[in-house]
Amino acid sequence: MTASERSLGRLGLVAALSLGATAQAYPQYIGKGYATCGACHYNPTGGGLVTAYGFGASSATFPGEVSVPALEKLADLLGKHEVSGRDDDGKPTFHLALGLDVRLLEVPVVQVQQAKETPTTIPMLMEAGGAAGFGSLLVYGTVTARRSGLTQGVDMAFSREHWAAWRFDDSVSLKVGRVVLPYGLRLPDHTQYVREELGFGKWDQAYALELDKVTDDWMLSLALSAGDLALSSGLQERGGAATFTVLPAAWLSAGASVLGGVTEKGSRAAAGLNLRVQFPHKLYAMGEADAQVRGLFGAAALKEGVGYLRLGWFALESLDLFGELGGRRVLDHWNLTKLRYGGGLDWHVLPWVELSGQYLLEEDVEAGPRGAWLAQVHVFY
């Protein structure tokens, strides 16, 4: 393989990662003692804008280690309001909170005419959103720019998630709208070893009716999906998903998920197990293993297994050092095998800013190994 071929391969890897990236939750926070996602996110299964508690917990990592009065005042000024939908006396009242999620990726891009790599900033996500509550009703929505058309220009506004939820009490809610189906570990950008193989990319949401039950000891999410109505009718996958998680201790969670769907041309079914463990000294481990069967009607189905493992250490309350690996194996199609290895850090440098650096190596039979350094700036509110 020539140097130019390696560079183009590296560019292809980066481009694929950029297109597949999506704003998701951080289940590795089990290493900080957070066993559930709903404490910090409006969505009980994680992902999306953070609540007032989530923003406060994030802000607490800095400047707690370094006292900067000016930043403390700014953090207080930017503090979020709780969207409970009720006042101190329990009476219905209107609450509104707005948010922002911006993710910029710095990558080396090959300049063909100059035959060299140049650092380039790619806007992976620039999304605004909000949540409003009145009594037991919660309404949530986001909007971002979506590239479409032959030129892939940013020519339309798109809402990746929008839903309304009725909260029966503090533990049970029913929502309807465009959602990320409940399945497995919702992993952050560039660690989608399992997620991307199961069809959870940047634009892969579905219109569904979802029931969530969250207690101190277990969580259950059930969803019936009508598919992605933004797609043509032949591509809409109708079906459902469910995930059940047990929380025997604050340092441990174990879950099982199932997923199934049918389109006009084919079907798929998946099932998996996941585990998250917090060890002493801010060490943690989490992983997931899944099996999936998918294919077109009248053709042989593809049977594949996918897996992911991450080991990490919160060296500081704001600094996560990690290593991870994952892969895919398709039965009777060894040429489709794919492996990934990576390591890096997530550093919460400000209450609303996180810096991430990672070296990611991807390997498959056809292209061989190819790697890339990735650097990301994540601004959220």
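The values are calculated or read from the model by the stated rules, or taken from the named source; none is laboratory data. Everything numeric in this text was worked out from a predicted model, so none of it was measured. Counting neighbours? That spans all protein chains shown, and the Cβs are built from the backbone with ideal geometry, glycine included. Note: areas computed on protein heavy atoms with side chains; ligands, DNA, RNA excluded. Shrake-Rupley method; radii C 1.70, N 1.55, O 1.52, S 1.80 Å.
Brief remarks follow.
- Leu345 vs. criteria of a type outside the set (Asp, Glu), open to solvent by 50 Å² or more (accessible area, probe 1.4 Å), under 24 Å from Asp101 (Cβ atoms) and out of contact with any Pro (no Cβ under 8 Å at 6 or more places or on another chain): yes
- Selection count where residues are assigned to a strand (DSSP E or B) and of a type in the set (Phe, Trp, Tyr), scope region 232-251: 1
- Residue list for region 316-344, restricted to those being more than 18 Å from Arg276 (Cβ to Cβ), in contact (Cβ under 8 Å) with a residue 24 or more places away in the chain and within 22 Å of the chain's Cα centre (by Cα): Glu317, Ser318, Leu319, Gly327, Arg328, Lys338, Leu339, Arg340, Gly342, Gly344
- Among residues of region 279-315 being open to solvent by 70 Å² or more (accessible area, probe 1.4 Å) and farther than 30 Å from Ser58 by Cα, the one that is farthest from the chain's Cα centre (by Cα) is Gly298.
- Test: residue in region 261-278 that is open to solvent by 60 Å² or more (accessible area, probe 1.4 Å) and under 26 Å from Glu363 (Cα atoms): yes
- When each of Val179, Val214, Val246 is tested for being within 15 Å of the chain's Cα centre (by Cα) and of a type outside the set (Ser, Thr, Tyr), the lone residue that passes is Val179.
- Single match in Tyr34, Tyr29 (criterion: in a helix (DSSP H, G or I), among the hydroxyl-bearing types (Ser, Thr, Tyr) and at pLDDT below 85): Tyr29
- One residue stands out among those in region 221-231 that are touching a Leu at 6+ places or on another chain (Cβ under 8 Å) and either open to solvent by 20 Å² or more (accessible area, probe 1.4 Å) or assigned to a loop (DSSP other than H, G, I, E, B) (or both): the one that is farthest from Ser148 (Cα to Cα), which is Leu222.
- Test set (1) aliphatic (A, V, I, L, M); (2) in a strand (DSSP E or B); (3) modelled with pLDDT of 90 or more; (4) within 29 Å of Arg238 (Cα to Cα) - Leu96 fails condition number: (4)
- Members of region 232-257 found to be open to solvent by 40 Å² or more (accessible area, probe 1.4 Å) and either free of Cβ contacts under 8 Å to residues at least 60 places away in the same chain or in contact with a Gly (Cβ under 6 Å, 6 or more places away or on another chain) (or both), listed by number: Ser232, Ser233, Leu235, Glu237, Arg238, Phe244, Val246, Pro248, Ala250, Ala256
- Number of the exception - Pro182 against (1) part of a strand (DSSP E or B); (2) at pLDDT 85 or above; (3) of a type outside the set (Phe, Trp, Tyr); (4) in contact with a Ser or Thr (Cβ under 6 Å, 6 or more places away or on another chain): (1)
- Residue in region 152-169 that is open to solvent by 60 Å² or more (accessible area, probe 1.4 Å) and farther than 26 Å from Glu127 by Cβ present: yes
- Residue check: Asp212 meets all listed conditions (1) more than 22 Å from Val330 (Cβ to Cβ); (2) among the charged types (D, E, K, R); (3) open to solvent by 40 Å² or more (accessible area, probe 1.4 Å); (4) out of contact with any helix residue (DSSP H, G or I) (no Cβ under 7 Å at 6 or more places or on another chain) but one, namely (3).
- Qualifying residue in region 220-240 (condition: under 18 Å from the mean Cα position of the chain (by Cα), among the hydrophobic types (A, V, I, L, M, F, W, C) and under 18 Å from Arg294 (Cα atoms)): no
- Total residues in region 272-282, condition among the small types (Gly, Ala, Ser) and over 20 Å from Asp212 (Cβ atoms): 0
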